[in-house]
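All remarks here apply to the structure that follows.
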């Protein structure tokens, strides 16, 4: 599954994760796709199994390439933001807001999303207490 047009950044990490989840649909359903597209022995003459398998393989390769491209683009964008924030941080070491922003961007790059996920999913429960 290709990425929706126009959604190529990772500024909103939750949106980025959702995009990747959607793009994994072909991976998540590969066994089902194989079972439903490749013919059983009784239907072998009615469907070209080789062509069907090639098409499914090509779809899978395209989905992986598209997902990899988006992930690498996100890493590059976020790394660039981190670089700029580090440079700004060197100039203004007492700027707490800048430090917070830098840490948020570094968390994106490192892939450490546990706290982020907790804040997004658990904030309703936590704020209710």
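The values are calculated or read from the model by the stated rules, or taken from the named source; none is laboratory data. The structure displayed is predicted, hence computed values, not measured ones. Don't worry about glycine lacking a Cβ; one is built from the backbone with ideal geometry, like all the others, and counts go over all protein chains shown.
Residue check: residue 59 meets all listed conditions (1) under 19 Å from residue 17 (Cα atoms); (2) at pLDDT 85 or above but one, namely (1). Here the condition is being closer than 29 Å to residue 14 by Cα and either surrounded by 14 or more Cβ atoms within 10 Å (Cβ to Cβ) or modelled with pLDDT of 70 or more (or both); of 97, 92, 49, it holds for 97 alone.
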